[in-house]
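S.K.: The structure's right below; bear with me while I get my questions together.
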Amino acid sequence: MTIISNGHLWKYSEFLENKKFSFDKNKILNLLSKKDIEEAYSSISNWKNYSPTPLIELHKLSKELNLNKIFYKDESKRFDLKSFKALGGAYAVEKISKGNKDIVVATATAGNHGRSVAWGARRLNLKCKIFISEFVSDSRGKAMTNLGADVIKVKGNYEKSLIECIKQSTENNWQIVQDVAWKDYTIVPKLTMAGYATMMKEIADQIKRDQITHIILQAGVGGMAAAMIAGIAGYLDNVPITMVVEPDSAACVLESIKTGKIEKIDIKRESLMGGMSCGEVSLVPWQIIKNSVKYCISLPDDDIGKTMKLLGNASLSNESIIAGENSAPGIISLIASCENEKIKEKLKLTKDSNILLIGCEGDTDEEMYQKLINQ
């Protein structure tokens with residue numbers, strides 16, 4: 001493997017097969033329906049400057065791994081936000097505001113979700129409050145300020161910023177637009193997920209006659225992964241082998257699938273994959289994910305910068321792709337799986353396989369992007 005190896009061993013931390021796997025399309029669509037997704041798509045596709053993001057073939061990588069095709073959904077081209085999150089938070093803002101210009105929307109974020117909420121609020125001339133943890137970079141905070149949001153930095157991690165968001169929103173009667181569900185707070189996260197599922201509707205049109213055999217989905221709180229699974233149930237004729245990938249320091253989906261119930265992770269080390277560094281899977285996504293994900297894999301941060309650089313210098317495809325740190329783990333887990341013959345055989349990765357990867361963001365943090373590709 002001359003392009004991707006040169007003696008380099010691609011690392012993963014843990015591989016898990018879900019013994020309770022049972023992909024029930026009807027059950028999945030009862031939780032996030034095709035009607036929900038179609039309504040989101042109908043709104044989003046009418047927004048100014050909407051166009052489906054590219055589905056790029058990683059020709060060089062598929063040849064090197066002896067796979068048929070590897071598709072990469074390039075969300076760096078999503079509106080001006082360079083992330084799939086543009087589809088979720090902004091759509092939820094639109095739905096809950098219902099044309100009311102007097103409401104104030106608020107959210108806690110590690111970056112991209114907050115930008116979407118701020119962008120959605122600006123579209124509708126609404127006031128917006130964004131809570132970020134001390135670990136969120138200044139450049140990410142500034143990006144939200146530039147969209148007109150009032151950004152409040154909270155001491156501690158993401159969870160602390162969420163607690164503060166809920167506290168101040170309750171005191172001030174602000175409307176919380178969160179991508180995380182909890183007891184009695186499920187409607188907005190479902191709206192957010194319906195927006196995310198727009199990606200799968202686009203993909204179903206873009207793959208044409210090709211059949212996706214495998215899909216690798218990043219998980220933080222699980223919203224995007226669950227939305228894409230609902231999209232699979234709604235738009236694909238077949239059920240691909242579905243794998244979730246997470247940072248090894250925050251593998252809350254993997255740990256929850258082990259026990260069959262939501263497990264909370266004590267994050268002792270923040271991952272470079274900041275948008276995925278979440279300690280607990282969200283309630284609504286968990287109902288979808290728990291039986292419909294076939295495999296889980298966790299990764300260290302070791303290969304993030306290397307992967308971003310390979311995408312950027314066109315080593316994996318016929319074009320240069322700007323991919324942020326949260327776009328890298330799908331590729332890393334695929335390469336690591338192909339290097340391990342037992343895992344490759346278990347995943348049924350063969351010369352006939354068509355793999356779908358989600359390039360969930362571009363250089364949403366430009367300083368971080370430059371630092372990682374030049375390290």
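The values are calculated or read from the model by the stated rules, or taken from the named source; none is laboratory data. Fair warning: this is a prediction, and the values are worked out from it, not measured in the lab. Counting neighbours? That spans all protein chains shown, and the Cβs are built from the backbone with ideal geometry, glycine included.
S.K.: When residues of the stretch 336-375 are filtered for being in a helix (DSSP H, G or I) and among the charged types (D, E, K, R), how many remain?
M.R.: Count: 9.
S.K.: Asp248: closer than 19 Å to Ile28 by Cα and charged (D, E, K, R), yes or no?
M.R.: no
S.K.: Does the stretch 160-167 contain at least one residue that is of a type outside the set (A, V, I, L, M) and in a loop (DSSP other than H, G, I, E, B)?
M.R.: no
S.K.: Pick from the stretch 6-33 the residues that are out of contact with any strand residue (DSSP E or B) (no Cβ under 7 Å at 6 or more places or on another chain) and not in a loop (DSSP other than H, G, I, E, B): which of them is surrounded by the most Cβ atoms within 10 Å (Cβ to Cβ)?
M.R.: Ile28
S.K.: Still on this structure, please answer the following. Can you find a residue that is surrounded by 24 or more Cβ atoms within 10 Å (Cβ to Cβ) and modelled with pLDDT under 95 anywhere in the stretch 289-300?
M.R.: no
S.K.: Quick one: Thr107 ticks every box in (1) of a type in the set (Ser, Thr, Tyr); (2) touching a Phe, Trp or Tyr at 6+ places or on another chain (Cβ under 8 Å); (3) part of a helix (DSSP H, G or I) bar one, so which box is it?
M.R.: Here Thr107 meets the rest and fails (3).
S.K.: Of all the residues that make up the stretch 91-104, how many are in a helix (DSSP H, G or I) and more than 24 Å from Ser327 (Cβ to Cβ)?
M.R.: So the answer is 5.
S.K.: Yes or no: the stretch 149-161 includes at least one residue that is in the same structural domain as Ala250 (by TED's automatic domain parsing), within 20 Å of Leu87 (Cα to Cα) and small (Gly, Ala, Ser).
M.R.: no
S.K.: For the stretch 269-284, does any single residue satisfy the condition of being surrounded by fewer than 24 Cβ atoms within 10 Å (Cβ to Cβ), at pLDDT 95 or above and over 18 Å from Leu65 (Cβ atoms)?
M.R.: no
S.K.: With (1) over 29 Å from Ile215 (Cβ atoms); (2) in contact with a Lys or Arg (Cβ under 7 Å, 6 or more places away or on another chain); (3) not aromatic (Phe, Trp, Tyr) as the list, and Ile96 as the residue in question, which single condition is left unmet?
M.R.: Going through the list (1) over 29 Å from Ile215 (Cβ atoms); (2) in contact with a Lys or Arg (Cβ under 7 Å, 6 or more places away or on another chain); (3) not aromatic (Phe, Trp, Tyr), Ile96 breaks only (2).
S.K.: For the stretch 184-233, give me each residue that is surrounded by fewer than 24 Cβ atoms within 10 Å (Cβ to Cβ) and within 13 Å of Ile288 (Cα to Cα).
M.R.: Once the filter is applied, which keeps residues that are surrounded by fewer than 24 Cβ atoms within 10 Å (Cβ to Cβ) and within 13 Å of Ile288 (Cα to Cα), the stretch 184-233 yields only Lys190.
S.K.: Here's another thing I want to ask about it. Report, by residue number, each residue of the stretch 259-299 that is β-branched (Val, Ile, Thr) and closer than 19 Å to Leu162 by Cα.
M.R.: Ile262, Ile265, Ile267, Val281, Val284, listed by residue number.
S.K.: Also, quick follow-up: Here's a check for you: in the stretch 311-335, which residue that is assigned to a helix (DSSP H, G or I) and touching a helix residue (DSSP H, G or I) at 6+ places or on another chain (Cβ under 8 Å) is surrounded by the most Cβ atoms within 10 Å (Cβ to Cβ)?
M.R.: The selected residue is Pro329.
S.K.: Among the residues of the stretch 255-265, is there at least one that is of a type in the set (Asp, Glu), at pLDDT 95 or above and in contact with a Cys (Cβ under 7 Å, 6 or more places away or on another chain)?
M.R.: Among the residues of the stretch 255-265, at least one is of a type in the set (Asp, Glu), at pLDDT 95 or above and in contact with a Cys (Cβ under 7 Å, 6 or more places away or on another chain), which makes the answer yes.
S.K.: Hey, can you tell me all the residues within the stretch 100-125 that are touching a residue at least 12 places away in the same chain (Cβ under 8 Å) and either among the aromatic types (Phe, Trp, Tyr) or surrounded by fewer than 24 Cβ atoms within 10 Å (Cβ to Cβ) (or both)?
M.R.: Hits for the stretch 100-125 are Lys101, Ile103, Val104, Trp119, Arg122, Arg123, Leu124, Asn125.
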